[in-house]
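What follows is a set of notes on a single structure, which appears directly below.
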Amino acid sequence: MDKDPKSAAATGRARDKRKSGQSGRRRALGLIGGAIAAPFILGSAARAQAAWPNKAVRYINPYPAGGATDTLSRLYCAAMSDLTGQQFVVDNRGGGGGDIGVEMVAKSEPDGYTLGLGGIASHAISPTLKAGKLPFDAAKDFTFLTHIWSLPNFLVGHLGLPASTVPELIELARRNPKKYFYASAGLGTTLHLSGELFKLLAGVDIVHVPYRGAAPGMADLLGGQVHLIFDNIPGALAQYKPGKVKGFAVTSATRSPIVPDIPALAEFLPGFDVNSWTALIGPARIPAAVVERISTFSKQALESPALKQAFLDRGATAIWSSPAEVTAYRASEEKRLGDIIRKAKITLD
């Protein structure tokens, strides 16, 4: 029997409507499932980042083993290991005035498992002094996580120098231009910059003698080949405490608690401030959750009485700062020190 055309059409429309409804329900369920799954996936990623560190962390020190940066780095890394339960392994990669190790940090994976030591030399002095020659961009290629320490330099002199105070030294140098020589650890170091800023602000003309490190410069000071040296405070203290050199001043804006009897150069030369500050750095684009974890653990480490005292015993001041604070400070230091470099006409030639 033939079907009624009207009845067949009605049946078809009902079937299409049921299919359409089923399809719509499937789409709706898919959207609901996606809405449920999305936060779960995001939550998993956040938890994975928040778990930092779940393996050893490599800490690249761009300077050789045995110096002040090595000792202080190992103290910080030991504190971080204790807090996180994971090893922070110091990897000394000296060479190129620190450029080799710093470049390795810049080119590492941005996962928080390769960090390193940056600071005034690589991230505030070199951008001007080595403009166009650095294998990294000091601002764009890094995540700045916190300060670690600040270490003033110490101006000391030969025992035979006919001056015992900063005013006497300035007067002596003014009366005898180019007669007196000062040593540094090399061209473009904070020790060199300290000497050139002293010349600018005091209006004296003392002659710079760069060495391959502060140790040989100090040896020549003790031997009388040079008259003065700007040295990191731990190295200078080793000779000052037993009375082998004269102590004139520290280069920080205020006196150092490690030698409170020694004045700051700023007391005689307003505006004098050269500190060998350091920063914990990583490659650019470390996830925000990992940055926050590193910052939190670093704050606990650097504000702990034990680490603060260990740093102080070696002439350094432990400093924690937020990532935003250390990033802004680095930029301001590059500008300030760049102005000094240009005024003093410091070059690497």
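Here, each number is a calculation from the coordinates, and none is a lab measurement. Keep in mind it's a predicted model, so treat the numbers as computed, not measured. Reconstructed Cβ throughout: ideal geometry from the backbone, glycine too, with neighbour counts over all protein chains shown.
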>> Can you say what percent of the DSSP beta bridges in region 152-267, counting only those with both residues inside, are antiparallel? Round to 5.
In response: 55
> Label-point separation (nm) for Arg175 and Arg342, each offset 7 Å from Cα along Cα-to-Cβ?
Replying inline: 3.8
> Can you list the trypsin sites (Lys or Arg not before Pro) in region 297-349 that are in a DSSP coil and have 15 or fewer other beta carbons within 10 angstrom?
Replying inline: Lys345
> Based on Cβ point charges of +1 for Lys and Arg and -1 for Asp and Glu, what charge dipole magnitude is obtained for the chain about its Cα centre, in debye rounded to the nearest 20?
Replying inline: 1820
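Step through the table entries Lys199/Lys246; Lys140/Lys335; Lys133/Lys179, compare each Cα-Cα distance with 24 Å, and write down the pairs that go over it. It would help to have the intermediate numbers written out before the result.
Numbers: Lys199/Lys246 19 Å; Lys140/Lys335 16 Å; Lys133/Lys179 34 Å.
Listed pairs above 24 Å: Lys133/Lys179.
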> Quick one: of the DSSP bridges fully inside the chain, what percent are antiparallel, nearest 5?
Replying inline: 60
> Taking 0.36 nm per intervening residue step and subtracting the Cα-Cα distance, what contour gain separates Asp91 from Ala253 on full extension?
Replying inline: 55.1 nm
> Where a Cα-Cα gap under 20 Å defines reach, which aspartates and glutamates qualify for Lys343, not counting those fewer than 8 residues away within the same chain?
Replying inline: Glu196, Asp205, Asp273, Glu333, Glu334
> Any idea how far the Cα center of region 205-232 sits from the one of region 81-155, in Å?
Replying inline: 27
>> Could you give the length gained by full extension between Ala324 and Ala65, i.e. 0.36 nm per residue of separation minus their alpha carbon distance, to one decimal place?
In response: 90.2 nm
